[in-house]
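Peer 1: My questions will all concern the structure given below.
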Amino acid sequence: MLRRAGERVRLATSSSFVKGSTVYLGGNIINAILPFMLLPLLTRYLTPTDYGLVATSVVLVRVTATAIGLNTSGLIVQSQFTDDFETRRSLLSTNVIITSVLAVVFVLLALVGGDLVEGFTEFPVAWTPLLIGIALGLVVQQFYLAILQSRNEAKRFISIQILGNFLNLSMAVLLVVGFGMDWRGRIIATAAAGAVVAAISLHGLTLRLGLLRRIFNRNALKDILRFGVPLIPHTVGGFAMVMAPRLYLNNLATVADTGLFSVAYNLASPIALLVGAANQAYMPALFSNLVGLRPAARVGLSRMLLLGAATMPAMAVFYAVGARWILPWIVGPSFLRVADYLVWLALAFAIQGVYFVFANLVVFSKKTSLMSWRADFAGGLAVLIGCPILIRLNGPIGAAQATLLGFSVSCLGAFLASRKAFPMPWAASIRSLFNIEASEAGEPRDSETGDDS
């Protein structure tokens, strides 16, 4: 039965998956190499405090993008497999309109209550409208990339990402190294590159795919709210997991410590890029195979998912240990203490990859309400509680330890949600792995016994 089930589950060996994953992996390696190449340069022109302010701006952009985009990229991907063209067009167009309106509202709120934001984040209030603009462009880019991913257009997906990173980093070198600017030059470069990529994404959505029109559909709005509102606790928890460690460091340690944390985060990010590439290539294949998946085939699929999940933490530890050896050649002397953060953050990114394994099942089932309180909300709560305690006990490295704690709790929550949303025979798959190993180990012994008799 397991053999027959395995024949039906050929996601990992299908030509489209292998080709797509190779493109995503290659592109993400390039995206990882570009910042690595510039770390030795930028860490000698920017101070840890500069990096701390840049890191805070990145967090604010991501938080804003998630809030105004209503966290619906998963819905857009799912709609490509289940809805007709007009429904997909209404869904995307309505989502972009809502996102634009929310961006304007956020700008108004920033102008009114900016002093509170600055006091809480230690980030200059005058720059918040620009950050909201960056977030709006990022959401448009995410929508376009989500559709490209669902259409298996891996080359176009990766090309856009590489172009954005190249423009961002090259302009950062020009402004920081060439014109002697500080953290402000880094943010201006991000804004300029983001504007170019957002324009490309708008062109693709409007002219190339014909999906973006001046359409506001009430049924689409209901679908967006039905998908996005249950994820509000999940989203708030995600805010806490990403934002809290940096804000705690800003207030309980120094902005310079936040800068060290940020550089370590960047150094650990290849793990995130690797697991992200696998997920980007795997999600469309997974969704297409989950449609009408028979119970007999679920054991083989579960076994494959578990094997993939088990390799991620081991890969992270191996990477972190190796990175420590070459650290003096990567960063400036002021940043050598980032080595203390590396293992914790690399493991956190690996656990995020395990999270994808289970969360994809929930997204496919459209039962995202099951993750409202179980996943990122619980993980964010763990970070909010654990981060100040760990910083007090272990110093700034406690922020990295709290990040790993939060990602682990979130992953556990996604697993529990997946058991209700799309039950898979995880226990049977684990038993089958041991049975296979026992069988392979036992066959020679049986053969030898037969010969002796």
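Peer 1: Out of (1) touching a helix residue (DSSP H, G or I) at 6+ places or on another chain (Cβ under 7 Å); (2) among the β-branched types (Val, Ile, Thr); (3) without any contact (Cβ under 8 Å) to a residue 12 or more places away in the chain, what's the single condition that is false for residue 76?
Peer 2: Checking residue 76 against (1) touching a helix residue (DSSP H, G or I) at 6+ places or on another chain (Cβ under 7 Å); (2) among the β-branched types (Val, Ile, Thr); (3) without any contact (Cβ under 8 Å) to a residue 12 or more places away in the chain, the one that fails is (3).
Peer 1: OK, next. Among the residues of region 376-434, write down those that are in a helix (DSSP H, G or I), within 24 Å of residue 272 (Cα to Cα) and touching a Ser or Thr at 6+ places or on another chain (Cβ under 9 Å).
Peer 2: Answer for region 376-434, where residues must be in a helix (DSSP H, G or I), within 24 Å of residue 272 (Cα to Cα) and touching a Ser or Thr at 6+ places or on another chain (Cβ under 9 Å): 376, 377, 378, 379, 380, 382, 383, 387, 399, 417, 418.
Peer 1: Now for a separate question. One residue is enough: does region 89-106 have a residue meeting the conditions surrounded by 13 or more Cβ atoms within 10 Å (Cβ to Cβ), aromatic (Phe, Trp, Tyr) and at pLDDT below 90?
Peer 2: No, there is no match, as no residue in region 89-106 is surrounded by 13 or more Cβ atoms within 10 Å (Cβ to Cβ), aromatic (Phe, Trp, Tyr) and at pLDDT below 90.
Peer 1: Ok, one more. From the residues in region 358-377 that are farther than 21 Å from residue 80 by Cβ and free of Cβ contacts under 8 Å to residues at least 60 places away in the same chain, which one is surrounded by the most Cβ atoms within 10 Å (Cβ to Cβ)?
Peer 2: Result: 374.
Peer 1: Check residue 349 against each of (1) modelled with pLDDT of 90 or more; (2) over 30 Å from residue 79 (Cβ atoms); (3) of a type in the set (A, V, I, L, M, F, W, C) and name the one condition it does not meet.
Peer 2: With respect to (1) modelled with pLDDT of 90 or more; (2) over 30 Å from residue 79 (Cβ atoms); (3) of a type in the set (A, V, I, L, M, F, W, C), residue 349 is out only on (2).
Okay, residues lined up against (1) surrounded by fewer than 21 Cβ atoms within 10 Å (Cβ to Cβ); (2) modelled with pLDDT under 85; (3) not aliphatic (A, V, I, L, M):
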| position | (1), (2), (3) |
| --- | --- |
| 10 | yes, yes, yes |
| 15 | yes, yes, yes |
| 22 | yes, yes, yes |
| 28 | no, yes, yes |
| 39 | yes, yes, no |
| 49 | yes, no, yes |
| 54 | no, no, no |
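Peer 1: Suppose we filter 162, 158, 187 for residues that are of a type in the set (Val, Ile, Thr) and either free of Cβ contacts under 8 Å to residues at least 60 places away in the same chain or surrounded by fewer than 19 Cβ atoms within 10 Å (Cβ to Cβ) (or both); which single one remains?
Peer 2: Numbers: 158 fails: either free of Cβ contacts under 8 Å to residues at least 60 places away in the same chain or surrounded by fewer than 19 Cβ atoms within 10 Å (Cβ to Cβ) (or both); 187 fails: either free of Cβ contacts under 8 Å to residues at least 60 places away in the same chain or surrounded by fewer than 19 Cβ atoms within 10 Å (Cβ to Cβ) (or both).
Going through 162, 158, 187 in turn, just one is of a type in the set (Val, Ile, Thr) and either free of Cβ contacts under 8 Å to residues at least 60 places away in the same chain or surrounded by fewer than 19 Cβ atoms within 10 Å (Cβ to Cβ) (or both): 162.
Peer 1: Okay, next question. When you go through 389, 326 one by one, which is the residue that is surrounded by fewer than 17 Cβ atoms within 10 Å (Cβ to Cβ), in contact with a Gly (Cβ under 8 Å, 6 or more places away or on another chain) and not acidic (Asp, Glu)? So that I can check it myself, show each step before the final result.
Peer 2: Details: 326 fails: in contact with a Gly (Cβ under 8 Å, 6 or more places away or on another chain).
389 is the lone residue from the list that is surrounded by fewer than 17 Cβ atoms within 10 Å (Cβ to Cβ), in contact with a Gly (Cβ under 8 Å, 6 or more places away or on another chain) and not acidic (Asp, Glu).
Peer 1: If I filter region 135-146 for residues that are at pLDDT 85 or above, of a type in the set (Val, Ile, Thr) and within 17 Å of residue 222 (Cα to Cα), do I get at least one hit?
Peer 2: Step one: of region 135-146, the residues at pLDDT 85 or above are 135-146.
Going one step further and asking which of them are of a type in the set (Val, Ile, Thr), we end up with 139-140.
Narrowing the set further to residues that are within 17 Å of residue 222 (Cα to Cα) leaves none.
Within region 135-146, none of the residues are at pLDDT 85 or above, of a type in the set (Val, Ile, Thr) and within 17 Å of residue 222 (Cα to Cα).
Peer 1: Right, something else. Does residue 242 satisfy the condition of being over 17 Å from the mean Cα position of the chain (by Cα) and among the β-branched types (Val, Ile, Thr)?
Peer 2: No, not satisfied.
For (1) part of a helix (DSSP H, G or I); (2) at positive phi; (3) in contact with a Ser or Thr (Cβ under 8 Å, 6 or more places away or on another chain), each residue gets a yes or a no:
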| position | (1), (2), (3) |
| --- | --- |
| 211 | no, no, yes |
| 219 | yes, no, yes |
| 238 | yes, no, yes |
| 249 | yes, no, yes |
| 256 | yes, no, yes |
| 271 | yes, no, no |
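Peer 1: Tell me whether region 183-197 contains one or more residues that are more than 21 Å from residue 280 (Cα to Cα), assigned to a loop (DSSP other than H, G, I, E, B) and β-branched (Val, Ile, Thr).
Peer 2: no
The values are calculated or read from the model by the stated rules, or taken from the named source; none is laboratory data. As the structure is a computational prediction, the values presented were derived from the model and not from experiment. In this analysis, Cβ positions are derived from the backbone assuming ideal geometry, glycine residues included, and neighbour counts consider all displayed protein chains.
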